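Participant: Here it is: the structure, laid out below.
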Amino acid sequence: MKAIVIGGNFAGMTAALELKRKLGKEVEVTVIDKSPVFLFIPSLIWVPFHRREVKDISIRRDEIFRKKNVNFVMAEAISVDPDAQLVNTSKGDFEYDHLVVATGPKVDFNAVPGLKEHGFYIGTPEGAMRIRKHLDAFVKNPGPIVIGATQNAGCMGAAYEFLFNMDAWLRSQKIRKKVELTWVTPETYIGHFGIDGMTGAETMLTGFLKMFNIKFRKETAIKEVREKEVELDSGEILPSDFTMLMPPFIGVDMIRNSPALRGTKAGYLPVADTYRHPDYPNVWAAGIAVDVKPPFEAGKVPFSAPKTGYPSDETAKIAAENIVRVYKGKGKLKAKSWGDIPAICVMDAGNKEVIILGNKLFRPRGFAVMIPNLLGDVNKVLFEKYFLWKTRHGYSFLP
Ligand SMILES: Cc1cc2nc3c(=O)[nH]c(=O)nc-3n(C[C@H](O)[C@H](O)[C@H](O)COP(=O)(O)OP(=O)(O)OC[C@H]3O[C@@H](n4cnc5c(N)ncnc54)[C@H](O)[C@@H]3O)c2cc1C
C-alpha cells in the first residue's frame, strides 16, 4: 500500500511515523514537505529575546524519516486530484492509495490593511529573527508597543506568550518604564483563548495584565496598521514603534487548488470525527488542516478557535490508526471530535507560566483548570526538551 503524507511537521510527522510503525513493510510511506527541517514552533517566542537560536529548535526531518524507512520528498504540493489519486508537486506527480493532508496554516496577512508592511510576525523563523533585529535597535530608542491578535485570529495563546515575554525582556533591559505596552484582542473577555470558559482564566489573565501594567483593549478589531501607529475600528489610534498582531490562519493554497476536496471558505478540509474526508474514503486530514467550527457564540468581533500541538498530534494518530483499520478490513473506525480531545498546554508568560488542563478542549467539560507558576517556566522548558527528544528519536507513539 502506498501512503502519502503532505506536510511533515507536528501532524504530518506523527501520521507518517505511526503508519510505518503499525504497518511496517506492508506500507510505503512518503512525506512531501517543502522544508527539510522539523521546526518546534512553540519556542519561536523565545528567539527574538536571544533565549533560543532557530537551530536549537530545528531538526533535520529527512534524516529522521530515513532512519525510519519513510521516503521524504522535498517539494511543494500544488494540488491533489482525488479521483486519479495523484498529488501534483513542484517535483512531479505522486500516486497514493491513502493520502493524509497535514499542511498546517497559511497566514492571512491581508486580514488588516498595512499588517504585512508595518507589522511583525512571530510564527516563522524569519519573522522571529526580524523581530530580534528590530528589538536590538529598539533597546537604544524605546517607544510604545502594540501586541495582540487581529479580528478572525484563533492563535491568541501564542500572542499572549509573546506579550508576557516582551514585558519580561523590557524589564531585563531596564526600559520597561519607558514603554507603553498595549494588548489588543478580538476575544470577548481576556483569557478566552478561543476555547471559552477555562475556570479562572479571565481573572488570572486580567490580573497578569494589571500586575505588569499592560494596557488592554478587548473585543477590538483593527482598522489599519501604519508605520508608527495602529488604528482600531473605534477610530482610536495607538502609537506604536513595534506592532505584532497575530493574523488569522487559513488553509494552504494546495487545498484551494484542489476543488474536488471541497475545502471550506477558510481553506480547511471538511472531515468527519474519524478525520476521513466525506467524499473520498482514502483522503484524511490532521492538525491545522482540519476544519474546526468555533465552539462559542460569536461576539461583536469575530475570532476563532486555536488548533494547538496536542490535538494536531492526536488527530494524526487517529487518522493513521484508521488507515490501518481500513487496510486490514476492520469495520469500526476510531472517532474523536477535535473538541473532545483533552486540553493540555503550557502558556509561557516570560519566566512564569500557566498550565492549562481540561478533559476536553471545548465545552462542556468535566473539569478544566489553569494553574499559574510564578516561580519560573520550567514546565514549558521541560515540554520543549521532551518534544525535541521524542522527535529526534522518531518516537511518534508517545503523547
Ligand atoms: C508562535 C506560535 C507559538 C505556538 N505555541 C504553541 C504552544 O505553546 N503549544 C501548542 O500546543 N501549540 C502552539 N502553537 C501551535 C502549533 O504550532 C500548531 O498546533 C502545530 O504546528 C500544528 O501542526 P501542523 O502539523 O498541523 O502544522 P505545521 O506545524 O504548521 O506543519 C505544516 C507543515 O506542512 C508543510 N507544508 C505546508 N504546505 C505545504 C505544501 N503545499 N507542500 C509541501 N509542504 C507543505 C510546512 O512546510 C510544514 O512543515 C504555536 C503556534 C505559533 C505560530
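The values are calculated or read from the model by the stated rules, or taken from the named source; none is laboratory data. In this text, all values refer to a predicted model and were calculated from it rather than measured experimentally. Quick reminder, even Gly has a Cβ in these numbers, built from the backbone with ideal geometry, and neighbours come from all protein chains shown.
Here is a yes/no grid of residues against (1) over 30 Å from residue 376 (Cα atoms); (2) away from the ligand (no atom under 16 Å from the Cβ); (3) of a type in the set (Lys, Arg):
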residue: 260; (1), (2), (3): yes, yes, no
residue: 281; (1), (2), (3): yes, yes, no
residue: 290; (1), (2), (3): yes, no, no
residue: 316; (1), (2), (3): yes, no, no
residue: 322; (1), (2), (3): yes, yes, no
residue: 325; (1), (2), (3): yes, yes, yes
residue: 353; (1), (2), (3): no, no, no
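Participant: Same structure again: Could you grab me the full set of residues in segment 101-125 that are in a helix (DSSP H, G or I) and aromatic (Phe, Trp, Tyr)?
Facilitator: 109
Participant: Taking segment 371-389 only, how many residues are within 14 Å of the ligand (Cβ to nearest atom) and surrounded by 12 or more Cβ atoms within 10 Å (Cβ to Cβ)?
Facilitator: So the answer is 9.
Participant: Any residue at all in segment 189-200 that is touching a residue at least 12 places away in the same chain (Cβ under 8 Å), among the acidic types (Asp, Glu), surrounded by fewer than 24 Cβ atoms within 10 Å (Cβ to Cβ) and not in a loop (DSSP other than H, G, I, E, B)?
Facilitator: The answer is no; no qualifying residue exists.
Participant: Here's a follow-up. Would you point out which residue out of 133, 91, 68 is surrounded by fewer than 18 Cβ atoms within 10 Å (Cβ to Cβ), of a type in the set (Lys, Arg) and free of Cβ contacts under 8 Å to residues at least 12 places away in the same chain?
Facilitator: On the way: 91 fails: free of Cβ contacts under 8 Å to residues at least 12 places away in the same chain; 68 fails: free of Cβ contacts under 8 Å to residues at least 12 places away in the same chain.
Only one candidate qualifies: 133.
Participant: Next question, about the same structure. Is one or more of the residues making up segment 292-300 within 16 Å of the ligand (Cβ to nearest atom), in a strand (DSSP E or B) and touching a residue at least 24 places away in the same chain (Cβ under 8 Å)?
Facilitator: No: zero hits.
Participant: Let me spell it out: the conditions are (1) in contact (Cβ under 8 Å) with a residue 24 or more places away in the chain; (2) within 20 Å of residue 338 (Cβ to Cβ); (3) within 15 Å of the ligand (Cβ to nearest atom), and residue 277 meets all of them except one. Which number is the exception?
Facilitator: All conditions are met except number (3).
Participant: What do you reckon, is residue 230 hydrophobic (A, V, I, L, M, F, W, C) and touching a residue at least 40 places away in the same chain (Cβ under 8 Å)?
Facilitator: yes
Participant: Would you confirm whether any residue within segment 25-38 is crowded, with 18+ Cβ neighbours inside 10 Å and under 18 Å from residue 129 (Cα atoms)?
Facilitator: Checked against the condition, which is being crowded, with 18+ Cβ neighbours inside 10 Å and under 18 Å from residue 129 (Cα atoms), segment 25-38 yields at least one hit.
Participant: Tell me, yes or no, whether segment 330-350 has at least one residue that is within 20 Å of residue 21 (Cα to Cα), modelled with pLDDT of 95 or more and in a helix (DSSP H, G or I). First the steps, then the outcome.
Facilitator: To start, the set of residues in segment 330-350 that are within 20 Å of residue 21 (Cα to Cα) comprises 330, 333-334.
Applying the additional criterion that residues be modelled with pLDDT of 95 or more yields 333-334.
Next, from what is left, pick out any that are in a helix (DSSP H, G or I): none.
No, the conditions are met nowhere in segment 330-350.
Participant: Is it the case that some residue within segment 327-341 is aliphatic (A, V, I, L, M), within 16 Å of the ligand (Cβ to nearest atom) and touching a Ser or Thr at 6+ places or on another chain (Cβ under 6 Å)?
Facilitator: Scanning segment 327-341 turns up no residue that is aliphatic (A, V, I, L, M), within 16 Å of the ligand (Cβ to nearest atom) and touching a Ser or Thr at 6+ places or on another chain (Cβ under 6 Å).
Participant: Kindly indicate whether residue 177 is of a type outside the set (A, V, I, L, M) and over 24 Å from the mean Cα position of the chain (by Cα).
Facilitator: When the stated conditions are applied, residue 177 passes them.
Participant: What are the residues in segment 319-329 that are of a type in the set (D, E, K, R) and either assigned to a loop (DSSP other than H, G, I, E, B) or free of Cβ contacts under 8 Å to residues at least 24 places away in the same chain (or both), if any?
Facilitator: Across segment 319-329, the qualifying residues are 325, 328.
Participant: Residue 126 - would you say it is under 18 Å from the mean Cα position of the chain (by Cα) and more than 19 Å from residue 221 (Cβ to Cβ)?
Facilitator: yes
Participant: Could you name every one of the strands (runs of 3 or more DSSP E) located completely within segment 1-95 that has at least 3 residues being within 13 Å of the ligand (Cβ to nearest atom)?
Facilitator: 2-6, 28-33, 37-39, 58-60, 71-74, 77-81, 86-89
Participant: Further, regarding this structure: Just for segment 210-225: of the residues that are free of Cβ contacts under 8 Å to residues at least 40 places away in the same chain and farther than 18 Å from residue 153 by Cβ, which one is surrounded by the most Cβ atoms within 10 Å (Cβ to Cβ)?
Facilitator: The residue in question is 215.
Residue by residue, here is whether (1) surrounded by fewer than 16 Cβ atoms within 10 Å (Cβ to Cβ); (2) closer than 24 Å to residue 209 by Cα; (3) among the hydroxyl-bearing types (Ser, Thr, Tyr); (4) outside the structural domain of residue 45 (by TED's automatic domain parsing) holds:
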residue	(1), (2), (3), (4)
308	no, yes, yes, no
312	no, no, yes, no
321	no, no, no, no
324	no, no, no, no
330	yes, no, no, no
347	no, yes, no, yes
355	no, yes, no, yes
360	no, no, no, yes
367	yes, no, no, yes
